[in-house]
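The values are calculated or read from the model by the stated rules, or taken from the named source; none is laboratory data. From a predicted model like this one, the values you see are computed outputs, not experimental measurements. Note: areas computed on protein heavy atoms with side chains; ligands, DNA, RNA excluded. Shrake-Rupley method; radii C 1.70, N 1.55, O 1.52, S 1.80 Å.
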Amino acid sequence: MSAPQQPGYNAPVQGKSRVTAGLLNLFLGGFGVGDFYLGYTQYGIYKIVISLAFAVLGFLDLGFLSTIISLLNFVWWAALIAMAVMTFMGKWIYEKDANGVPTV
């Protein structure tokens, strides 16, 4: 007689969505929300610190340079990373979450 097993004991673990991570990066990329979603806390903190540095530089009265800095902040953290995560590059960038579970 074999011992009863818990239901789903050997079931594969469902990973987190790369599309969700990409959308979070698109809309809240400067706050590192997509990285926090996947468990990459350190990367999320880096993004917050760099975004705050860009924001401080953006608030300084540097004229046209402030506008360029603000645009760089948006384009880099939000658009580029979100597009990379949601397209084919996301398979390599966010192949697994911080716990080693493959993303889907």
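Numerical summary
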| quantity | calculated |
| --- | --- |
| Among residues of region 57-75, those that are open to solvent by 90 Å² or more (accessible area, probe 1.4 Å), of a type in the set (A, V, I, L, M) and within 23 Å of the chain's Cα centre (by Cα), counted | 2 |
| Qualifying residue in region 55-71 (condition: assigned to a helix (DSSP H, G or I) and modelled with pLDDT of 80 or more) | no |
